[in-house]
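Undergrad: Have a look at this one before I ask anything.
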Amino acid sequence: MTINQVARYTALVKRRSELLLCSGISWKPEYEKELQSIDTEIMELRREMKMCD
């Protein structure tokens, strides 16, 4: 696990949280694609950092 991986993971989780807080009135359709992209990258980082099976 490198510092860069941890920093990227943290940034992705923060952005994901921000997007989820927008659900409802502030939600924009383009957020869905960004959310999917973030989820994919988070899973890749988890595998790299051996955080999941």
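The values are calculated or read from the model by the stated rules, or taken from the named source; none is laboratory data. Fair warning: this is a prediction, and the values are worked out from it, not measured in the lab. Neighbour counts are summed over all protein chains in view; Cβ atoms, including those assigned to glycine, are modelled from backbone coordinates with ideal geometry. Accessible surface areas use protein heavy atoms only, side chains included; no ligands, DNA or RNA. Shrake-Rupley method; radii C 1.70, N 1.55, O 1.52, S 1.80 Å.
Undergrad: Springs between alpha-carbon pairs under 10 angstrom, Gaussian network model over the chain: which of L12, L35, L21 fluctuates most?
TA: Among L12, L35, L21, the largest mean-square fluctuation in the Gaussian network model of the chain belongs to L21.
Undergrad: Spelling out what I want: for every residue of region 26-43, take phi, set θ = phi - 60°, compute 6.51 cos²θ - 1.76 cosθ + 1.60 (Karplus), and round to whole Hz; glycine and proline get x.
TA: 7, 5, 10, x, 5, 5, 4, 5, 5, 4, 5, 5, 4, 4, 5, 5, 4, 4
Undergrad: For D39 and A11 in one chain, what is 0.36 nm times their gap in residues minus the Cα-Cα distance, to one decimal in nm?
TA: Working: separation 28, 0.36 × 28 = 10.08 nm, distance 1.22 nm.
Full extension from D39 to A11 adds 8.9 nm.
Undergrad: Give the Rg (one decimal place) followed by the Dmax (whole number) of the chain, computed from C-alpha coordinates and expressed in Å.
TA: Answer for the chain, Rg first and Dmax second: 12.4, 38 Å.
Undergrad: Could I ask something else about it? Provide the net charge surrounding Y9, with neighbours chosen by a C-beta distance below 13 Å and charges set as Lys +1, Arg +1, Asp -1, Glu -1.
TA: +3
Undergrad: Using the heavy atoms of the protein chains and a 1.4 angstrom probe, tell me the accessible area per residue for the chain in square angstrom. Spell out each step's value before the answer.
TA: Values: 4200 Å² over 53 residues.
Accessible surface, normalised per residue, equals 79 Å².
Undergrad: Report, in deg cm²/dmol and to the nearest 500, the calculated mean residue ellipticity at 222 nm for the chain, where each DSSP H run with n ≥ 4 adds -39500 (n - 2.57) and the sum is divided by the residue count.
TA: On the way: 2 runs with 38 residues, N = 53.
Only helices count here, giving -24500 deg cm²/dmol.
Undergrad: While we're here: Got a sec? Charge dipole of the chain, +1 on Cβ for Lys and Arg, -1 for Asp and Glu; which of S17, A7, P29 is way out at the positive end?
TA: Ranked along the dipole, the leading option is A7.
Undergrad: Note down the accessible area of Y31, probe 1.4 Å, to the nearest 10 Å².
TA: 40
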